Amino acid sequence: MIGLVDCNNFFVSCERVFRPELRNRPVIVLSNNDGCVVAMSNEAKALGIKRGVPLFKIRDIVEAYDIVSFSGNHRLYSDMSRRVMATLNSIADDIEISSVDEAFIDLENIGNEKLAEYGVNLVKKVKRDVGIPVSVGIAPNRTLAKVAARFAKKYPGYKGACVIDTVEKARKALSLTAIGDVWGIGPRIAKRLTESGITDAMQFADTPEDTVTARYNIMLQRTWRELNGDRCIESDTERPTQKTLTISRTFATDFYEYQDLEDAISRFAANVAERLRRRELYCVELTVFIATNRHRTDREQYSNCAQRTLLDATNDSIDLCKEAKMALKSIFRPGYGYKRAGVTATRILDKEHVQPTLFEDRESKERRKKLMVTIDNINCGGIERVHLASSPSMDNCTRHERVSRLYTQRLSDIIEINCRK
């Protein structure tokens, strides 16, 4: 059996750990520049607030219901995620982290009769040790475990842990699961399936195999097999290698000076490199794009992009920053106020498909690789302690008027306790 541990309303839960007075109050977390809602508490969801809605559109609701809003504090969230995963590591034989708030755990050594108890105890331990509420879905495969986790989160009677261990339980759960809520089925595919009359997961599971094989790609065929109880998706690594990776930002104020824009592009390139290293990926092409504020119709508009093809596939921050700055220099035009910029890595390869070139300096390349590993190790835990001089922090370039403190990472931000006699 496989278990999926899913943190409930993770961003909101991280804020509530250090602000217990916010429990049972509607809370939302905002995107960069405090523009859109990216996470909501159950209380906020009950008020009709949806993910992605701009803050200005719900300002009346926020004021009327005294909704607490936070700027995204991703350093805090990253550290709290690390703590959750460390707790899971202490009690599970094998875990696979799939996102900042989710992880699969191997439960092969747990007897079927003890699975529900194990799941409930896991929920209690994470809550006690870290303060984050989690839901656990347990099933024969990953897709059904995802379904089970949704039920564990939705129905309090499960006490945070739902087990799907029989065909009857699976069919009942699938009949209550919308096709768009199935892991691996995105909005476009869900719309296509709905138009063909398939509205829930059970209808898709009951579709004849020859029809599924003829109409859908291999990944959707695997999803169909898993809904029918097979185990054919062993890990996220079996899914296709990521094709692109983008880091971009909409700035709080327009950038007119080249140096300001170069600092931003260098930062984005360094972040792209770090994420590539984290996933053991490499890129062959890098694209830089810049754009003025399209909402300022009273100003002349300009946008452009430039692509650089690298001599070697790399995830080295120094290399990618150098190429990104060369690309920016070719498209920057003075006199414009730039509102948005970004860096995209394309032609991404995994380490098995990286081919060395004939004239590469292996010794120098190995030194740089060790340097990148050292930087990543120093910066582990979500705190950036060192960075390239050419890629300074971008904290001042975005609006974070509602950001909470770094309770777990900055001594001056630790929680305050008032003791009264």
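Listed by chain and number, the lysines whose C-alpha is less than 24 Å from the C-alpha of K365, apart from same-chain residues fewer than 8 away, are K322, K325, K351.
For the chain, the residue among A214, N121, V354 whose Cα projects farthest onto the positive side of the dipole built from Cβ charges is N121. When the helices of the chain are scored as -39500 (n - 2.57) per DSSP H run of n ≥ 4 and the total is divided over every residue, the value at 222 nm lands at -11500 deg cm²/dmol. Residue by residue, the range 175-191 carries 3J(HN,Hα) couplings of 5, 9, 10, 5, 4, x, 9, 7, 4, x, 10, x, x, 5, 5, 4, 5 Hz when phi is fed to the Karplus relation 6.51 cos²θ - 1.76 cosθ + 1.60 (θ = phi - 60°); x denotes Gly or Pro.
So what is the relative contact order of the chain, in percent, for Cα pairs below 8 Å that sit 6 or more residues apart? It would help to have the intermediate numbers written out before the result.
Working: 712 pairs, mean separation 68.3, N = 421.
For the chain, the relative contact order is 16 percent.
Taking amide H positions as modeled 1.01 Å from N, with prolines and chain starts lacking one, no residue 5 or more places away or on another chain lies under 5 Å from W183.
From the coordinates of this entry, Cα extents along the principal axes in Å is computed, and it appears in [x] 60, 49, 43; [y] 89, 49, 46; [z] 69, 65, 46 under the label [z].
The amide H of N293, built 1.01 Å from its N in the peptide plane, has K339 as neighbours under 5 Å, considering only residues 5 or more places off or on other chains. Basic side chains Lys and Arg get +1 at the Cβ, acidic Asp and Glu get -1 at the Cβ, and with that the dipole of the chain about its Cα centre reaches some 1020 debye.
Using a/c under 1.5 as the rounded threshold, could you call the range 225-380 rounded, prolate or oblate? The axes a ≥ b ≥ c are square roots of the C-alpha gyration tensor eigenvalues, and prolate needs a/b larger than b/c, oblate otherwise. It comes out oblate by the Cα gyration axes.
Here K146 is the anchor, and the lysines within straight C-alpha reach of less than 26 Å, apart from those fewer than 8 places off in the same chain, are K45, K50, K114, K124, K125, K127, K154, K159, K169, K172, K191, K243. For the chain, the residue among I91, F251, L328 whose Cα projects farthest onto the positive side of the dipole built from Cβ charges is F251.
Considering only V84, V288, V62, the Gaussian network model of the chain with Cα springs below 10 Å gives its largest mean-square fluctuation to V62. A cut-off of 5 Å between modelled amide H atoms, ignoring neighbours fewer than 5 places along the same chain, links D200 with I179. Computed in the context of the full set of protein chains, the accessible area of the range 288-328 at 1.4 Å probe radius has 47% of its extent on carbon or sulfur.
The phi-based Karplus calculation (6.51 cos²θ - 1.76 cosθ + 1.60; θ = phi - 60°) puts the 3J(HN,Hα) values of the range 216-229 at 10, 6, 5, 5, 6, 5, 5, 4, 4, 5, 5, 5, 8, x Hz, whole numbers, x for Gly and Pro.
When each of the peptides 138-145, 150-157 is scored by the mean number of other C-beta atoms lying within 10 Å of its residues, the order from highest to lowest reads 138-145, 150-157.
In a GNM of the chain with a 10 Å cut-off on Cα contacts, which of R410, R23, R340 has the highest mean-square fluctuation? Top of the fluctuation ranking is R410.
The values are calculated or read from the model by the stated rules, or taken from the named source; none is laboratory data. None of these values were measured; they are calculated from a predicted model. Don't worry about glycine lacking a Cβ; one is built from the backbone with ideal geometry, like all the others, and counts go over all protein chains shown. Ligands, DNA and RNA are stripped out before the accessible areas are found, and what is left, the full protein with its side chains, is counted by its heavy atoms. Shrake-Rupley method; radii C 1.70, N 1.55, O 1.52, S 1.80 Å.
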